[in-house]
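Engineer: Once you've had a glance at the structure underneath, I'll fire off some questions.
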Amino acid sequence: MKQLRSAKYHEAYEKLKVERKDPDHCFLCSAKAIQEFKHWRILLNDFPYDVIASTHHLIVPRVHKTEHLLTEEERVELIHLKETVLDNVYEFVFETLPSQKSIPKHFHLHLVVIKDDF
């Protein structure tokens, strides 16, 4: 798989995965939000895909849960945010597949603006 993080972020990300003392600790739950909504929060990504992205944030449900447990109200708000707030700031919303998720128990989507020179 092509590396989307620079060596600096890739090494820090891999180190964090190895050194994680409590596998049940969720970094997404404890991260400071840069924007909050009724059911969703936008977070800075501490390990951005900086090879391709000038901006890389995450959108996560305010409650720790997998995608399968999202309520209809949460899904409706996410669709609304995609069509309004997110569409005005980001170019792409994407999700890694299950085998690539480092935090599979907390649903999250990547919010990205691609670098001009990519």
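Engineer: Considering region 57-97 alone, what residues qualify as being of a type in the set (K, R) and open to solvent by 100 Å² or more (accessible area, probe 1.4 Å)?
Structural biologist: Listed by number, the list holds a single entry, R62.
Engineer: State yes or no: is S6 of a type in the set (S, T, Y) and either touching a Gly at 6+ places or on another chain (Cβ under 9 Å) or in contact (Cβ under 8 Å) with a residue 40 or more places away in the chain (or both)?
Structural biologist: Judged against the criteria, S6 is a match.
Engineer: Something else now. Condition test on S54, is it within 16 Å of V113 (Cβ to Cβ), open to solvent by 60 Å² or more (accessible area, probe 1.4 Å) and among the hydroxyl-bearing types (S, T, Y)? I'd like the intermediate steps shown before the answer.
Structural biologist: Numbers: within 16 Å of V113 (Cβ to Cβ): yes; open to solvent by 60 Å² or more (accessible area, probe 1.4 Å): yes; among the hydroxyl-bearing types (S, T, Y): yes.
Spelling it out, S54 is indeed within 16 Å of V113 (Cβ to Cβ), open to solvent by 60 Å² or more (accessible area, probe 1.4 Å) and among the hydroxyl-bearing types (S, T, Y).
The values are calculated or read from the model by the stated rules, or taken from the named source; none is laboratory data. Keep in mind the model is a prediction, meaning the values are calculated, not measured. Positions of Cβ are backbone-derived with ideal geometry, glycine not excepted, and every protein chain shown enters the neighbour counts. Side chains included, ligands, DNA and RNA excluded: accessible areas come from the protein's heavy atoms. Shrake-Rupley method; radii C 1.70, N 1.55, O 1.52, S 1.80 Å.
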